[in-house]
Amino acid sequence: RPSRPPRPPHCGRPPPRRREGALLPQPLARAADGPGRLHFAPAEAPHAAMPSAARRLPSLATHHTHSGRCVLTAMADFAGMPLEKRSINDLLQMAECSPEERAVQLHETLKVGLARCAMRLSEMPFGFCNVPSIKRVTSAYVQDFRQVIEYEHRVGRAGLAQKDYHDITRSIFNQHRGTMLDVAKGVFEFNEDLHNLFGKELDLAEVRGDLRVIQDIEASLDAFFTERLTLRLLISHVHNLNQKKKAESQDGQEMVGVVNVNTQPITILSRAFVAARFMCMRDFQMAPNLQVNGVTHDEYILSEVSRQQHFPYVHTHLFYVFLELLKNAARASIERAQVECGEGRTPQIPSLRVIVPEDQYMWNRERSVKLADRGTGMSRGVLSKAFCYFFSSVKARPTVAEEVSDFDRRVPLAGFGFGLPISRVMARYFEGDIDLNSIPGKGTDVYVYL
């Protein structure tokens, strides 16, 4: 019998169709002879000097999609990958990498981080993801993700060290400066929606203990701000390193990227106090003093002990944390003094007191700072809500979302309810923490662990 010709593929059944916009089934590596040509080949491994988080991320073209690519599918894939926080040692080690290696690390982190931020906001429960401000922030992260992916596929790995990519990442950094305010506005919009549904008497900070969904939103906000911090930290760090490996700040401190190699916490605390005192004088025409281990903060900074208390840290984070804590302590102290002084008398504001360990051995083992005020204090009920995004002890705060932007322009002493939770996110980023203890009418003790 004559041999039969071989059956063509898919004979007798329609060929399988790949849905429009689906990811290609295998990793793609860019051909060496041009950014526009692609071929199936093992992806190039990242440089060995990368931190563990960067080594586990996919190669640049792993999730390449064709002209009708589905951004959501690619974003969901990247959002399922881990985004590790960067330690101080990780940041310092990046100074030994070449600009090209740092650009690759930043790019891989951006793809995962932008995707995770967008997906986390879009998955917020109970309608939180659908309020206008949250949708606007989500859209911005989606557009940034699309821009980063399209640049990668258009130019290739070699283009990541070019000025065009530097400008893209700088634009992303600047675009999201107001994200915290937008999310705060989203919280107010969410409150308004729930008030329309369940009545004006609803207080999310009061019922959060009974509603798991509110706790889930707060946990997601903590995770979102942590991931956002990773992106902003790495963009700023890489840009500073690429401009100059090592530099000196205006006060002579040695800088490696965004890391102040000799961060002196009491010096940062003193600067934050100057800013808080200015706000107090502006709003109350009075301000408390600050003492450190029983002497004025100016005097303590000049001591030998203070100069020995230094370590590598991102001092801008520390300034934010100290400023938020000092604003709260100063406001509580002024309010108590005003109540107790009586009409026609000048309020006597007790000093804010800071205690730090002076023994070098103890300081090296446990870097901790205690800030104590003798203000109004907090009850146990208020203390349990101190780190809640839906709570603020300030009465003169915005009541509707439209007031948030105008309120923020006045640089208020307090009012959004984001100060403490964001400060705790920042402290925990480098494995620290913030604890509170308080007695109503007697004051509050804040413990900062660095």
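The figures follow:
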quantity	calculated
Pairs, first closer than 10 Å to residue 242 by Cα in region 84-106, second surrounded by fewer than 18 Cβ atoms within 10 Å (Cβ to Cβ) and of a type in the set (S, T, N, Q), C-beta under 6 Å, six or more apart	99/242
Tabulated pairs, region 168-196, first in contact (Cβ under 8 Å) with a residue 24 or more places away in the chain, second surrounded by fewer than 16 Cβ atoms within 10 Å (Cβ to Cβ) and of a type in the set (D, E, K, R), C-beta under 7 angstrom, 6+ apart or interchain	182/136
Residue match in region 267-281 (condition: within 30 Å of the chain's Cα centre (by Cα), farther than 28 Å from residue 430 by Cα and open to solvent by less than 30 Å² (accessible area, probe 1.4 Å))	yes
Per-region count, region 211-245, residues within 19 Å of residue 178 (Cβ to Cβ) and free of Cβ contacts under 8 Å to residues at least 24 places away in the same chain	0
Residue 221 being in a helix (DSSP H, G or I), open to solvent by 10 Å² or more (accessible area, probe 1.4 Å), of a type outside the set (Asp, Glu) and out of contact with any Gly (no Cβ under 8 Å at 6 or more places or on another chain)	no
Residue count, region 358-367 (criterion: surrounded by 11 or more Cβ atoms within 10 Å (Cβ to Cβ) and free of Cβ contacts under 8 Å to residues at least 24 places away in the same chain)	2
Cross-chain or 6+ apart pairs with Cβ under 8 Å, region 368-384 first and assigned to a loop (DSSP other than H, G, I, E, B), then among the β-branched types (Val, Ile, Thr) and open to solvent by less than 10 Å² (accessible area, probe 1.4 Å)	375/334
Residue check, residue 272 over 25 Å from residue 360 (Cα atoms) and either at pLDDT below 95 or part of a helix (DSSP H, G or I) (or both)	no
Hits in region 324-346 - residues which are open to solvent by 50 Å² or more (accessible area, probe 1.4 Å) and of a type in the set (A, V, I, L, M)	339
Among the candidates 305, 321, 261, residue that is open to solvent by 30 Å² or more (accessible area, probe 1.4 Å) and closer than 24 Å to residue 87 by Cα	261
Filter pass, residue 145 being over 16 Å from residue 239 (Cβ atoms), among the aromatic types (Phe, Trp, Tyr) and modelled with pLDDT of 95 or more	yes
Tally of residues being among the hydrophobic types (A, V, I, L, M, F, W, C), closer than 22 Å to residue 79 by Cβ and more than 19 Å from the chain's Cα centre (by Cα) across region 140-162	3
Scan of region 275-309 for residues that are of a type in the set (Ser, Thr, Tyr) and part of a helix (DSSP H, G or I), ordered by number	300, 306
Filter result for residue 157 (in contact (Cβ under 8 Å) with a residue 12 or more places away in the chain and either open to solvent by less than 60 Å² (accessible area, probe 1.4 Å) or not acidic (Asp, Glu) (or both))	yes
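One line per residue, one yes/no per condition, for (1) assigned to a helix (DSSP H, G or I); (2) under 18 Å from the mean Cα position of the chain (by Cα); (3) among the hydroxyl-bearing types (Ser, Thr, Tyr):
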site: 113; (1), (2), (3): yes, yes, no
site: 129; (1), (2), (3): yes, no, no
site: 135; (1), (2), (3): yes, no, no
site: 138; (1), (2), (3): yes, yes, yes
site: 177; (1), (2), (3): no, yes, no
site: 182; (1), (2), (3): yes, yes, no
site: 187; (1), (2), (3): yes, yes, no
site: 201; (1), (2), (3): no, no, no
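Residues are listed down the side, and each one gets a yes or a no for (1) among the polar types (S, T, N, Q); (2) within 24 Å of residue 76 (Cβ to Cβ); (3) at pLDDT 95 or above:
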site	(1), (2), (3)
89	yes, no, yes
109	yes, yes, yes
113	no, yes, yes
132	no, yes, yes
164	no, no, no
170	no, no, yes
174	yes, no, yes
180	no, no, no
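The values are calculated or read from the model by the stated rules, or taken from the named source; none is laboratory data. Please read all numbers here as calculations on a predicted model, not as lab measurements. Note: ideal-geometry Cβ built from the backbone for every residue, glycine included; neighbour counts use all protein chains shown. To get the accessible areas, we keep the full protein, side chains included, count just its heavy atoms, and leave off ligands, DNA and RNA. Shrake-Rupley method; radii C 1.70, N 1.55, O 1.52, S 1.80 Å.
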